[in-house]
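J.: Quick one: structure below, then a few questions.
The values are calculated or read from the model by the stated rules, or taken from the named source; none is laboratory data. Quick caveat, the model's predicted, so the values are computed rather than measured. Virtual Cβ from ideal backbone geometry, glycine too; neighbours counted across all protein chains shown.
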């Protein structure tokens, strides 16, 4: 059944690509007229886990260093890079000047009207990210919020019912219902209905389901996709006289509606092996100048497990309780509170500051691991050379020790800035290269947002 599900989605994606490809072309046509602009197709890189500098890694690093020594042959990009570097330098100088003047400025009082004005201006443009976005490679290459994906997945599945009702119904049950416990109960009940027909095909009582029956009404009917599954299994809805002679709604099994009773075995297999259509978190890649990073610090509501208002209220209540009790808190107690605080977030913003001042930003689940952050940085680097990331405390995070630690384990939630540096094994060679100030790929650098 798992293979059938894979083939099902592969076929749908192939059909979608053919539809998007446009009109066909004759073999006699000029090749120039038939070329399209989408020659560059996106490819999914397979993450490579590193554990120190192996012999293969050293060879790869030497090759990358060799490329690094070569000057760029793209004057337009060199000009753009120089402009960005000049802007970063200017901003860093302004930032230092502002820090020197802030000490005296902070002594001045802020009027209530100024506070109100600042609150009004605190609009979503100051968010570190516009929201949390996802991909669903099984269905399309779109990048959308979770709620939109839920609607799209539901629409997609219902469009497939006519062609593949049984398998699609299994996927609807798994993907379009939120309560996993109720889904599991529904699946077991449906399997029991079908198993009774398979094992006792002549038993009439197993071929009818009274729709007012408590088990059916509570465990099956409320679950989306369950009725479609029963229709695929050969049931039809009709009025049938009950024991009192009153007509009542029943689902009645019609053997002629299925190719064979054995096809019910396939449906049982589908019910028990189908899984929800999964979404993949999109990194929402951003490249920021220092001034932009300083202004974009607020997290959008979608990052929280609770609403921001609920979190602020809890923090206020906890602070008041601590002040009332004047209790001495041990390190273990502080760490426990810190972890409890971090679990209020579902996602985190990770920023990586490069030596040139540019910041690379990505969105991560709080349960992702450091290895995911490392790969995110690596795949955006112009040169695939070993590097290290340091936490705000100065502690260096390494793949050898921290690869499998979650963002919560590393205290990187809800947002943090890691500092990038080349690994000591290549730092000197890079410092002596003509492209020592080049860190990110050109196609990533062009994402720098205008101020």
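J.: Give me the pairs, please: first residue somewhere in region 236-263 and part of a loop (DSSP other than H, G, I, E, B), second residue anywhere and surrounded by fewer than 12 Cβ atoms within 10 Å (Cβ to Cβ) and modelled with pLDDT of 90 or more, beta-carbon distance under 8 Å, and either six or more positions apart or on two chains.
T.: Hits for this filter: 261/255.
J.: Of all the residues that make up region 129-144, how many are loosely packed, with under 15 Cβ neighbours inside 10 Å, in a loop (DSSP other than H, G, I, E, B) and modelled with pLDDT of 90 or more?
T.: The qualifying residues number 1.
J.: Conditions: (1) part of a helix (DSSP H, G or I); (2) more than 30 Å from residue 166 (Cα to Cα); (3) modelled with pLDDT of 95 or more. Residue 313 meets all but one. Number of the miss?
T.: The one condition residue 313 does not meet is (3).
J.: Turning to a different aspect of this structure: Hey, any hits in region 343-354 for a residue that's farther than 20 Å from residue 403 by Cβ and modelled with pLDDT under 80?
T.: Within region 343-354, one or more residues are farther than 20 Å from residue 403 by Cβ and modelled with pLDDT under 80.
J.: Here is a follow-up. Would it be correct to say that residue 286 is closer than 21 Å to residue 414 by Cα and buried (at least 18 other Cβ atoms within 10 Å of the Cβ)?
T.: Details: closer than 21 Å to residue 414 by Cα: yes; buried (at least 18 other Cβ atoms within 10 Å of the Cβ): yes.
Taking the combined requirement at face value, the residue satisfies it.
J.: Of the conditions (1) out of contact with any strand residue (DSSP E or B) (no Cβ under 6 Å at 6 or more places or on another chain); (2) under 19 Å from residue 288 (Cα atoms); (3) outside any strand (DSSP E or B), residue 416 clears all except one; give me its number.
T.: With respect to (1) out of contact with any strand residue (DSSP E or B) (no Cβ under 6 Å at 6 or more places or on another chain); (2) under 19 Å from residue 288 (Cα atoms); (3) outside any strand (DSSP E or B), residue 416 is out only on (3).
J.: Consider region 379-404. How many of its residues are surrounded by 15 or more Cβ atoms within 10 Å (Cβ to Cβ) and without any contact (Cβ under 8 Å) to a residue 40 or more places away in the chain?
T.: 8
Results for (1) surrounded by fewer than 20 Cβ atoms within 10 Å (Cβ to Cβ); (2) in the same structural domain as residue 227 (by TED's automatic domain parsing); (3) over 23 Å from residue 258 (Cβ atoms), shown as yes or no for each residue.
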| site | (1), (2), (3) |
| --- | --- |
| 146 | yes, yes, yes |
| 160 | yes, yes, no |
| 165 | yes, yes, no |
| 169 | no, yes, no |
| 178 | yes, yes, yes |
| 190 | no, yes, no |
| 198 | yes, yes, no |
| 208 | yes, yes, no |
| 211 | yes, yes, no |
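J.: For region 171-200, give me the residue count where each residue is in a loop (DSSP other than H, G, I, E, B) and touching a helix residue (DSSP H, G or I) at 6+ places or on another chain (Cβ under 8 Å). Reasoning before the result, please.
T.: If we filter region 171-200 for residues that are in a loop (DSSP other than H, G, I, E, B), which is where we start, we get 176-179, 200.
In the following step, the residues that additionally are touching a helix residue (DSSP H, G or I) at 6+ places or on another chain (Cβ under 8 Å) were identified as 176-177, 200.
Going through region 171-200 one residue at a time, the tally reaches 3.
J.: Within region 362-373, take every residue that is in contact with a strand residue (DSSP E or B) (Cβ under 7 Å, 6 or more places away or on another chain) and outside any loop (DSSP other than H, G, I, E, B) and give me the one that is surrounded by the fewest Cβ atoms within 10 Å (Cβ to Cβ).
T.: Of everything passing the filter in region 362-373, 365 is surrounded by the fewest Cβ atoms within 10 Å (Cβ to Cβ).
J.: Given the criterion surrounded by fewer than 18 Cβ atoms within 10 Å (Cβ to Cβ) and at pLDDT 95 or above, identify the matching residue among 228, 218, 202, 262. Write out each step before concluding.
T.: Details: 228 fails: surrounded by fewer than 18 Cβ atoms within 10 Å (Cβ to Cβ); 202 fails: at pLDDT 95 or above; 262 fails: at pLDDT 95 or above.
So the residue among 228, 218, 202, 262 that is surrounded by fewer than 18 Cβ atoms within 10 Å (Cβ to Cβ) and at pLDDT 95 or above is 218.
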